[in-house]
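First up is the structure itself, then whatever we jot down about it.
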């Protein structure tokens, strides 16, 4: 049986993959420039970038704009535990987890007026919330709260469901897999061809008013979603 000859991009990716696994290129180390690698492998820059994209999609290499391509540290698994929207890591972190948030007031665009069931041009408090392990992004979230419900908070403490000054009656979550937008791929430093885990969380109060909506994006190469349902069994018995 004749085996197909691997394409140049796959052959280059395999060679670089071997050099990474053997320790020739170590975690955190910058790879030679794309021009240098293209010359080394005698291919065009576009072919070289296509090979690097394979490694980026596997999570072995990350491209940092303006700095180059770097060998990634072993990726920590991210688990979204549902409900209150908490994130947990499944392995020991290679660097301290750092959280940043930017808070602004916006007029609700059309897709948010539908999601939050508010009139057009309603004011919302938007928090763009991200977590990083060292230099590596972990997650990206856009959180929206009707402006009259947003508590006084600092940019480091975005409003989450348990911080909103209302009693929640229901939290609905929708999970899907999709390709990232260009903005998401850049923010998470992943290949545009790598799927992300997309979660939409909507919290409502007892009157049915939407009090918070969150759009979360997690890199698909290391993210899981865990939902636990606890069933209460009522014990029946006679009392004398």
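The values are calculated or read from the model by the stated rules, or taken from the named source; none is laboratory data. Predicted model, so just to flag it, every value in this text is computed and none were measured. Methodologically, a virtual Cβ is constructed for each residue, glycine included, from the backbone with ideal geometry; neighbour enumeration extends over all protein chains shown.
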Count of residues meeting criterion [in contact with a helix residue (DSSP H, G or I) (Cβ under 9 Å, 6 or more places away or on another chain) and assigned to a helix (DSSP H, G or I)] in segment 106-130: 0
Only one of 35, 13, 53 that is loosely packed, with under 13 Cβ neighbours inside 10 Å and either more than 18 Å from residue 189 (Cα to Cα) or in contact (Cβ under 8 Å) with a residue 40 or more places away in the chain (or both): 35
Which of (1) in contact with a helix residue (DSSP H, G or I) (Cβ under 8 Å, 6 or more places away or on another chain); (2) surrounded by 13 or more Cβ atoms within 10 Å (Cβ to Cβ) does residue 44 not meet, given it meets every other one? (2)
Going by the conditions given, is residue 140 in contact with a helix residue (DSSP H, G or I) (Cβ under 6 Å, 6 or more places away or on another chain), in contact (Cβ under 8 Å) with a residue 12 or more places away in the chain and either assigned by TED's automatic domain parsing to the domain that holds residue 28 or in a strand (DSSP E or B) (or both)? yes
Residue 181 closer than 23 Å to residue 73 by Cα, out of contact with any strand residue (DSSP E or B) (no Cβ under 7 Å at 6 or more places or on another chain) and modelled with pLDDT of 75 or more: no
At pLDDT 90 or above and either under 16 Å from the mean Cα position of the chain (by Cα) or in the same structural domain as residue 199 (by TED's automatic domain parsing) (or both): is that true of residue 113 in this structure? yes
